[in-house]
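Down below is the structure, laid out as structure tokens.
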Amino acid sequence: MSALVRPRDDRVIGGVCAALARRFGLPPTTVRVAFLASCLLPGPQFLLYLALWVLLP
């Protein structure tokens, strides 16, 4: 597992899903689809994404 850092090359919006995918050894597309699917459920997913976008180096 690598450090939780937003990549400069495999970004779509902020690179948060790509960073999580790289950290846990998953394909970035899988993490992006899982995030989009989770947005259909009630909860603070979008706020968590924004917080990670700001806090991750």
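The values are calculated or read from the model by the stated rules, or taken from the named source; none is laboratory data. What you are looking at is a predicted structure, and each value in this text was computed from that prediction instead of being measured. All Cβ positions, glycine included, derive from the backbone under ideal geometry; neighbour counts span all protein chains shown. In case anyone asks, the SASA skips ligands and DNA or RNA and just uses the protein heavy atoms, side chains included. Shrake-Rupley method; radii C 1.70, N 1.55, O 1.52, S 1.80 Å.
Filter segment 14-29 down to the residues that are exposed (fewer than 13 other Cβ atoms within 10 Å of the Cβ) and without any contact (Cβ under 8 Å) to a residue 12 or more places away in the chain and list them by number. Walk me through it before giving the result.
From segment 14-29, those exposed (fewer than 13 other Cβ atoms within 10 Å of the Cβ) are 24-25, 27, 29; that's our starting set.
PRO27, THR29, listed by residue number.
For ASP10, only one of the following conditions fails: (1) open to solvent by less than 90 Å² (accessible area, probe 1.4 Å); (2) in contact (Cβ under 8 Å) with a residue 24 or more places away in the chain; (3) in a loop (DSSP other than H, G, I, E, B). What is its number?
Status for ASP10: all satisfied but (2).
Which residues, taken from segment 13-57, are assigned to a loop (DSSP other than H, G, I, E, B), touching a helix residue (DSSP H, G or I) at 6+ places or on another chain (Cβ under 7 Å) and of a type outside the set (Gly, Ala, Ser)?
PRO27, CYS39, LEU56
Being of a type in the set (A, V, I, L, M) and assigned to a helix (DSSP H, G or I) is the requirement here; does ALA3 meet it?
no
Looking at LEU41, LEU4, which is the one that is among the aliphatic types (A, V, I, L, M) and open to solvent by 70 Å² or more (accessible area, probe 1.4 Å)?
From the options LEU41, LEU4, the qualifying one is LEU41.
Among the residues of segment 44-57, write down those that are of a type outside the set (Val, Ile, Thr) and open to solvent by 70 Å² or more (accessible area, probe 1.4 Å).
Hits for segment 44-57 are PRO44, PHE46, LEU47, LEU48, TRP53, LEU55, PRO57.
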